[in-house]
């Protein structure tokens, strides 16, 4: 019925109904006008508001110092902390994710972001809320975490900000955020540090605070990403009070059922776990919280395992894989490690691939080189979201096709000797590539790294018994290289210019711009002095030049000065590609830098200590062998 017909019908009705109809019509008109105005205003002031990396306005921020724990006074269940009216700054909680506030608007007061039941309620869907938290040092991890969820059409999420800088940054990105009142440092705190343990206490305080709101809580660490919507899987186990991930590396099932709790001997990992607001779950959260607050030396995950395993078993009636735990009333389920992946089952074993399963999540555990190592692993797996400039580095990229003889990969037993022979062969090529990248000021795309042996932090026979690790396998870069050192800024007068790197999968990443991938130059090495070995330039597609082996620094600079606009230069090989630096000081600085790039293999069980240092210049030491330090005086990197 049209508006005109409606009015005519109302005119013949009683005055009361006339008033009601008039009110409704006016309300509809005004609401439509407001919505149109809000959309138009947001689009006009934020032309890039649909971009997940939209830039926030300048922040007026004073770096807070590390202080008290999560302020429980910031948790309320009534409307005292409700958002300000939308006429001031929009509904900061219920609006669409990535919908940035108008650029000319003001930052709401901190009390707007207080954790309340009303705040959580505005984001809940099907009674579930998905939560992570962190400080500003993990901003890029949080953006990736949110982006993966929104790509899965999940918007029932919240991020807890442990410092004001993160809270403001996320607000201006259009991400639902609440204030944890932690006043934590904005820098990376480092695994195992006192501040790291403080963050663990924040987690359990947060769980204990949210469960009384009556919603299911999917709690996540920021160093994990979601690859598939987990909510339908979690809903398959409605009787479970807690479903948790684990550090299990040996499969107990070969399908997508819960892991068999009797066969899981590894720690339960609290980086991914789901809580229902049942009385047993609430009691567990409270006791866990009280334990951690009473003893600051207890690691949150150890405390959780101790409490949950206090009474473990029997199985809950039925075949759903649940077990009684904690006080005998809590129903516990263990998420299968094959699809709720650790850093080992995903990046080393690729268990989900071998079992032909779809992974739900990956958590960057079982890794080295700190936060930089975590970030690099996610990038290798093409599951980390970076800004566009990451894929178009200044100066362009350098890559090469690694050459590995079949015998080094497949012949003989997989031993420490054969592992190091394989790794050293690759290290030598990478060393040359780093040198050429330094000369040409290009970012090196690291090659895939092949390993024969796994790396862990305890003695093992090469791979974990019962695991699905195949030998050889493409191992994460942090198994051999100190990724954090490679990315660290060093004084140029001592270590020479920095050498930027990218992950081996960069060129396969869907985020790689077409114009970068199409700007390509192939470099084929040839024997200098022969008829066909002259620097020539093919104008075909892709373009190809021939370059004499063992070219020196001056030759490289002269040849590639004509190709500065080319985005990707790929060498056919790095064997004998570079003669070396002509300037002795430059050479010393480069060596001083790259010899710090390699780490250790760990560990053999027949010697203490059992680790063995990799050596970037192993080939310059006659008789070099991969052996552990024989004395405490020998236990240091080879530089």
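The values are calculated or read from the model by the stated rules, or taken from the named source; none is laboratory data. Only a predicted model underlies this, so the values are computations on that prediction, with no experimental measurement involved. Cβ coordinates were reconstructed from backbone atoms using ideal geometry, including for glycine residues, and neighbour counts include every protein chain displayed.
Values as computed for the structure displayed
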{"read-out": "Count of the stretch 98-119 residues which are over 21 Å from residue 163 (Cβ atoms) and over 25 Å from the mean Cα position of the chain (by Cα)", "value": "6"}
{"read-out": "Lone unmet requirement of (1) part of a loop (DSSP other than H, G, I, E, B); (2) out of contact with any strand residue (DSSP E or B) (no Cβ under 8 Å at 6 or more places or on another chain) for residue 431", "value": "(1)"}
{"read-out": "Scan of the stretch 557-594 for residues that are assigned to a strand (DSSP E or B) and in contact with a helix residue (DSSP H, G or I) (Cβ under 6 Å, 6 or more places away or on another chain), ordered by number", "value": "578"}
{"read-out": "Of all residues in the stretch 254-285 being assigned to a loop (DSSP other than H, G, I, E, B) and in contact with a helix residue (DSSP H, G or I) (Cβ under 9 Å, 6 or more places away or on another chain), the one that is surrounded by the most Cβ atoms within 10 Å (Cβ to Cβ)", "value": "276"}
{"read-out": "Residue match in the stretch 386-406 (condition: in a helix (DSSP H, G or I) and within 30 Å of residue 627 (Cβ to Cβ))", "value": "yes"}
{"read-out": "Options 410, 335; residue that is at negative phi and either touching a strand residue (DSSP E or B) at 6+ places or on another chain (Cβ under 9 Å) or not assigned by TED's automatic domain parsing to the domain that holds residue 422 (or both)", "value": "335"}
{"read-out": "Conditions (1) assigned to a helix (DSSP H, G or I); (2) free of Cβ contacts under 8 Å to residues at least 40 places away in the same chain: number failed by residue 310", "value": "(1)"}
{"read-out": "Number of the condition not met by residue 625 [criteria: (1) surrounded by 12 or more Cβ atoms within 10 Å (Cβ to Cβ); (2) in the same structural domain as residue 428 (by TED's automatic domain parsing)]", "value": "(1)"}
{"read-out": "Enumeration of residues in the stretch 375-402 that are surrounded by fewer than 16 Cβ atoms within 10 Å (Cβ to Cβ) and either under 18 Å from residue 450 (Cα atoms) or in contact with a strand residue (DSSP E or B) (Cβ under 9 Å, 6 or more places away or on another chain) (or both)", "value": "394, 395, 401"}
{"read-out": "Among residues of the stretch 462-481, those that are in contact with a strand residue (DSSP E or B) (Cβ under 9 Å, 6 or more places away or on another chain) and either over 25 Å from residue 253 (Cβ atoms) or outside the structural domain of residue 600 (by TED's automatic domain parsing) (or both), counted", "value": "8"}
{"read-out": "Every residue from the stretch 135-158 that is touching a helix residue (DSSP H, G or I) at 6+ places or on another chain (Cβ under 6 Å) and assigned to a strand (DSSP E or B)", "value": "157"}
{"read-out": "Any hit, the stretch 52-70, residues being within 24 Å of residue 213 (Cβ to Cβ), modelled with pLDDT under 50 and over 27 Å from the mean Cα position of the chain (by Cα)", "value": "yes"}
{"read-out": "Enumeration of residues in the stretch 381-401 that are touching a helix residue (DSSP H, G or I) at 6+ places or on another chain (Cβ under 6 Å) and closer than 18 Å to residue 571 by Cβ", "value": "398, 400"}
{"read-out": "Sole residue being surrounded by fewer than 16 Cβ atoms within 10 Å (Cβ to Cβ), part of a loop (DSSP other than H, G, I, E, B) and touching a residue at least 12 places away in the same chain (Cβ under 8 Å), chosen from 610, 605", "value": "605"}
{"read-out": "Residue match in the stretch 134-150 (condition: farther than 22 Å from residue 388 by Cα and surrounded by 18 or more Cβ atoms within 10 Å (Cβ to Cβ))", "value": "yes"}
{"read-out": "Conditions (1) under 30 Å from residue 563 (Cβ atoms); (2) under 27 Å from the mean Cα position of the chain (by Cα); number of the one not met by residue 425", "value": "(2)"}
{"read-out": "Residue 292 vs. criteria crowded, with 16+ Cβ neighbours inside 10 Å, touching a residue at least 60 places away in the same chain (Cβ under 8 Å), assigned by TED's automatic domain parsing to the domain that holds residue 234 and out of contact with any strand residue (DSSP E or B) (no Cβ under 7 Å at 6 or more places or on another chain)", "value": "yes"}
{"read-out": "Residue match in the stretch 451-461 (condition: crowded, with 17+ Cβ neighbours inside 10 Å, in a loop (DSSP other than H, G, I, E, B), free of Cβ contacts under 8 Å to residues at least 60 places away in the same chain and touching a strand residue (DSSP E or B) at 6+ places or on another chain (Cβ under 9 Å))", "value": "yes"}
{"read-out": "Residues that are in contact (Cβ under 8 Å) with a residue 24 or more places away in the chain and surrounded by fewer than 18 Cβ atoms within 10 Å (Cβ to Cβ), drawn from the stretch 356-371", "value": "357, 358, 370"}
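Conditions tested, residue by residue: (1) within 26 Å of the chain's Cα centre (by Cα); (2) at pLDDT below 95; (3) not in a helix (DSSP H, G or I).
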{"site": "252", "(1), (2), (3)": "no, no, yes"}
{"site": "287", "(1), (2), (3)": "no, no, no"}
{"site": "296", "(1), (2), (3)": "no, yes, yes"}
{"site": "305", "(1), (2), (3)": "yes, no, no"}
